[in-house]
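Here the structure comes first, spelled out in structure tokens, and everything after it is commentary.
Values quoted throughout were computed directly from the atomic coordinates according to the rules given, and no laboratory measurement underlies them. Bear in mind the structure is a predicted one, so any value in this text is a computation, not a measurement. Note that each Cβ is placed from the backbone with ideal geometry, even for glycine, and that neighbours are counted across all protein chains shown.
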């Protein structure tokens with residue numbers, strides 16, 4: 001493509017006054033015999049190559065940053081999934097530990113209640129047997145048994161009442177512990 005001298009001068013003036021020049025593939029097809037315009041074309045080609053090189057570097061940099069961002073996003077998503085799985089697993093372990101603790105507490109309470117009932121019934125039985133032996137001894141010796149008779153009768157009533165009270169209290173506590 002050959003430009004007129006007038007057009008070439010206008011392009012040179014535009015470059016000198018406003019720093020607006022030709023660029024792109026059109027520079028490859030322009031032919032001229034004017035040395036000054038040829039220097040302008042050569043400089044414009046160099047500027048165009050430099051501009052293209054800078055654009056290419058920026059494009060590569062942006063693509064690299066995009067790739068890094070995509071990888072980071074994938075890593076974050078994987079970490080989030082792992083975190084949610086760990087949270088769910090720790091919640092399950094916590095629930096299992098709470099169930100084990102409650103089971104252990106209930107078993108311990110049940111054993112304690114059983115021990116209390118055994119001891120209370122043993123004491124009640126021992127008092128009953130001791131009082132009965134004492135009463136039989138007094139009767140067999142022919143001693144005055146009026147005091148022992150009333151004591152023995154009152155003692156059996158008290159023991160019977162207390163044994164039901166103890167067992168009722170223990171069963172009530174056990175029932176309340178089961179409701180929790």
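Checking the range 91-98 against the condition returns no match, with no residue being surrounded by 10 or more Cβ atoms within 10 Å (Cβ to Cβ) and in contact with a strand residue (DSSP E or B) (Cβ under 8 Å, 6 or more places away or on another chain). In the range 105-135, of all residues being surrounded by 12 or more Cβ atoms within 10 Å (Cβ to Cβ) and farther than 24 Å from residue 170 by Cα, the one that is nearest to the chain's Cα centre (by Cα) corresponds to 131. For the condition surrounded by 10 or more Cβ atoms within 10 Å (Cβ to Cβ) and either in contact (Cβ under 8 Å) with a residue 60 or more places away in the chain or within 36 Å of the chain's Cα centre (by Cα) (or both), residue 48 does not qualify. Restricting the range 17-34 to residues that are in contact with a helix residue (DSSP H, G or I) (Cβ under 9 Å, 6 or more places away or on another chain) and assigned to a helix (DSSP H, G or I), the residue that is surrounded by the most Cβ atoms within 10 Å (Cβ to Cβ) is 27.
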